[in-house]
Each structure stands twice: as C-alpha cells, then as structure tokens.
1. Looking at the stretch 95-120 only, could you name the residues that are touching a residue at least 12 places away in the same chain (Cβ under 8 Å) and either of a type outside the set (Val, Ile, Thr) or assigned to a helix (DSSP H, G or I) (or both)?
2. Have a look at ALA55, ALA21, ALA29 and point out the one that is touching a Leu at 6+ places or on another chain (Cβ under 9 Å) and modelled with pLDDT of 95 or more.
3. Counting only residues that are polar (S, T, N, Q) and touching a residue at least 60 places away in the same chain (Cβ under 8 Å), which one in the stretch 1-26 is nearest to PHE78 (Cα to Cα)?
4. Would you be able to tell me the number of residues in the stretch 18-47 that are over 25 Å from ARG86 (Cα atoms) and not in a strand (DSSP E or B)?
5. Which residues, counting only those in the stretch 1-28, are touching a Ser or Thr at 6+ places or on another chain (Cβ under 7 Å) and buried (at least 19 other Cβ atoms within 10 Å of the Cβ)?
6. Of these, ALA89, ALA34, which one is without any contact (Cβ under 8 Å) to a residue 24 or more places away in the chain and either more than 21 Å from ILE7 (Cα to Cα) or in contact with a Phe, Trp or Tyr (Cβ under 9 Å, 6 or more places away or on another chain) (or both)?
7. Give me the residue from the stretch 72-107 that is acidic (Asp, Glu) and loosely packed, with under 14 Cβ neighbours inside 10 Å and, out of that set, modelled with the highest pLDDT.
8. Regarding SER54, is this residue without any contact (Cβ under 8 Å) to a residue 12 or more places away in the chain, among the small types (Gly, Ala, Ser) and either in a helix (DSSP H, G or I) or within 20 Å of LEU99 (Cα to Cα) (or both)?
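The values are calculated or read from the model by the stated rules, or taken from the named source; none is laboratory data. Just so it is clear, the structure is predicted and the values come from calculations on it, not from any experiment. When we count neighbours, we look across all protein chains shown, and the Cβ atoms used for this are built from the backbone with ideal geometry, even at glycine.
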Amino acid sequence: MNYDIIIIGSGPGGYVAAIRASQLGMTVAVVERAEIGGICLNWGCIPTKSLLKSAQVYDYIKHSENYGIKVDGFQADFSNMITRSRSIAEQMSKGVQYLFKKNKITVLQGFRKPCRKKYG
C-alpha cells in the first residue's frame, strides 16, 4: 500500500500527528514496535501519574486528622495500586487504537533501525 505519510512511533507526538494528517485527507501509517501510545502512555508518564495519585491519596488519609477526619486501620495495597495503574494505561491505549481505526490509520508493527552512517 502507498501512504502519503508514515510516522515512526505512536507516542504523544506520533499519534496526534497521525490523526491530524488523516483529518487533512492523507493516507497515514504509523510504525510502532510495542504498544499503541508509546512509552509515555504505557510505561512512563501515565502509569507513573496514576501511582503518584495513589500515593497522594494515601498521604491525605495519613494526615486526615489535619482536616478534622479520623481514619483508623488503613494500609497501602501496592498490588492494587499497580493493577489500577496498568488498567488506566491499557484503557488509554485502547482509546488511541480506536482513534486510529476511526481515522483509517494503518499500524505497522516494527521499528526503525539506528543509522550507522556518520554525517558531517
């Protein structure tokens, strides 16, 4: 198949560029080596923010008496925190996949090999 544009990576820059190019009438493909949404959405920014939110809620409960609320017998469940974090990342990745399908964007599994040739 011929494409007007091929974007390497489906991270935050790649998926936005792909969707916009498709909206402008281009035939678009995205090359992705792993999960749709890239590292940020699946392993970096989004899951980390989810874990930070859990830590923030834990801290609020720990200091709840400062807000006039007494809480006894609470504990962190790290397994559930990680499960929640993974679930959020998966849900967002599925959202990007939906947008790709809606905008007729082809996903090609693969990656760009590093260029060994020195320039300049």
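1. Across the stretch 95-120, the qualifying residues are VAL96, GLN97, LEU99, PHE100, ASN103, LYS104, LEU108, GLN109, GLY110, PHE111, ARG112.
2. Working: ALA55 fails: touching a Leu at 6+ places or on another chain (Cβ under 9 Å); ALA21 fails: touching a Leu at 6+ places or on another chain (Cβ under 9 Å).
Only one candidate passes the filter, namely ALA29.
3. For the stretch 1-26, the residue satisfying everything is SER10.
4. Applying the first criterion (over 25 Å from ARG86 (Cα atoms)) to the stretch 18-47 yields 20-29.
Then keep just the ones that are not in a strand (DSSP E or B); that gives 20-27.
Total meeting the criteria: 8.
5. Correct list: VAL28 only.
6. ALA34
7. ASP77
8. Numbers: without any contact (Cβ under 8 Å) to a residue 12 or more places away in the chain: no; among the small types (Gly, Ala, Ser): yes; either in a helix (DSSP H, G or I) or within 20 Å of LEU99 (Cα to Cα) (or both): yes.
Answer is no for this residue.
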